[in-house]
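Participant: Dropping the structure in here first, questions after.
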Amino acid sequence: MAIRVQEAAFDLGAEVQDFATAQTQAGAVVNFTGIVRNTAAGDLDRMEIEHYPGMTESALTAIDAEATKRWVLKDSLIIHRYGILRPNEMIMMVATAAPHRVDAFEAAQYLMDYLKSRAPFWKKEFTTDGAEWVDAKDADEDALLKW
Amino acid sequence: MIDVLYFAWVRERIGLPKEQVETTAATVAELVSELKLREERYAAAFEDISALRVAVDQELCEFDAPLAGAREVAFFPPMTGG
């Protein structure tokens, strides 16, 4: 179980490779990667991600611990960046390892759903029109209800 | 003395990320009432608390949460990670 909150970019291929090859009791590894989505108009210059140092790590640790209680997880990895990110850059990733795929898939989705609405990150988009904080979506809050 | 932190547009509206506040407020809601009386920028930031979230000592809580023994209170909009 590892949680990293960092400004620097990460190497997705290397992270997933290292995660998968480190497993000794898993038969399934699932990875989700979030990237900076451009606007429909394609005019996104950058996204700035702010977070709450300290609370971010403790919130992610709590979410991870809950996932480990609910599913048979052998390992997990959460990486989330903050600072300035350009379109198409990787924002974050989660990886889960379980004996079987259902646990790995469901735990990854659970981690994502909770991370989106309960970990203290905020996104601000900068386009040619100016800057705007990204609003939380009702759908993201509703996603928690299924768990 | 309690550390009060602001994030995202709450930080921008109030104009600072963190300050120390001398307060006798028993709950988060009472602290908000005190802050709103300070200056227009606070009143604007806290105009609609249904649009805000709060954490006491880095744990999400409700606005009626007690402040007894609290070291740090943070106000911010709903989170948008991932």
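Participant: Counting other Cβ atoms within 10 Å, which GluC sites (Glu not before Pro) in chain B have at most 10 and lie in a DSSP loop? Mind dumping the intermediate values first?
Facilitator: Numbers: sites: B:E12, B:E19, B:E22, B:E30, B:E34, B:E39, B:E40, B:E47, B:E59, B:E62, B:E72; in loops: B:E22, B:E39, B:E47, B:E62.
Listed in order of number, the matching sites are B:E22.
Participant: Students often forget the sequence filter, so: which lysines lie under 28 Å Cα-Cα from B:K36 once same-chain residues fewer than 8 apart are removed?
Facilitator: The qualifying lysines are A:K123, A:K124, A:K137, B:K18.
Participant: Could you tell me which residue out of B:F46, B:V56, B:G81 lies farthest along the dipole of region B:29-82 toward its positive end? Charges go on the beta carbon: Lys and Arg +1, Asp and Glu -1, centred on the Cα centre.
Facilitator: Most positive-ward Cα: B:G81.
Participant: Could you compute the longest span of chain A free of GluC sites (Glu not before Pro) located in DSSP loops and having at most 15 other Cβ atoms within 10 Å, not counting the site residues?
Facilitator: Excluding the exposed sites themselves, the longest stretch runs over A:8-88.
Participant: Where Rh is the Kirkwood radius over the Cα pairs of region A:2-146, the temperature 37 °C and the viscosity 0.692 mPa s, what D in µm²/s does Stokes-Einstein return?
Facilitator: It diffuses with D of about 206 µm²/s by this estimate.
Participant: Can you give me the relative contact order of region A:2-146 as a percent, contacts being Cα pairs under 8 Å and 6 or more apart?
Facilitator: 34
Participant: Looking at chain A, identify the longest residue range that excludes and avoids all trypsin sites (Lys or Arg not before Pro) in DSSP loops having at most 15 other Cβ atoms within 10 Å.
Facilitator: The longest such stretch corresponds to A:38-136.
Participant: DSSP loop trypsin sites (Lys or Arg not before Pro) in chain B with at most 12 other Cβ atoms within 10 Å of their Cβ, which ones?
Facilitator: When the trypsin sites (Lys or Arg not before Pro) of chain B are filtered for loop state and at most 12 Cβ neighbours within 10 Å, B:R71 remain.
Participant: ³J(HN,Hα) across region A:116-130 via Karplus (A = 6.51, B = -1.76, C = 1.60, θ = phi - 60°), whole Hz, x for Gly/Pro?
Facilitator: 4, 10, 10, 9, x, 10, 9, 10, 10, 9, 10, 10, 5, 7, x
Participant: Please state, as a whole number in µm²/s, the translational diffusion coefficient that the Stokes-Einstein equation yields for region A:25-109 at 37 °C and 0.692 mPa s, with Rh defined as the Kirkwood radius across alpha carbon pairs.
Facilitator: For the chosen part, D equals 231 µm²/s.
Where a number appears in this text, it was derived from the coordinates with a stated rule and is not lab data. Quantities reported herein were computed from a predicted structural model and do not represent experimental measurements. Positions of Cβ are backbone-derived with ideal geometry, glycine not excepted, and every protein chain shown enters the neighbour counts.
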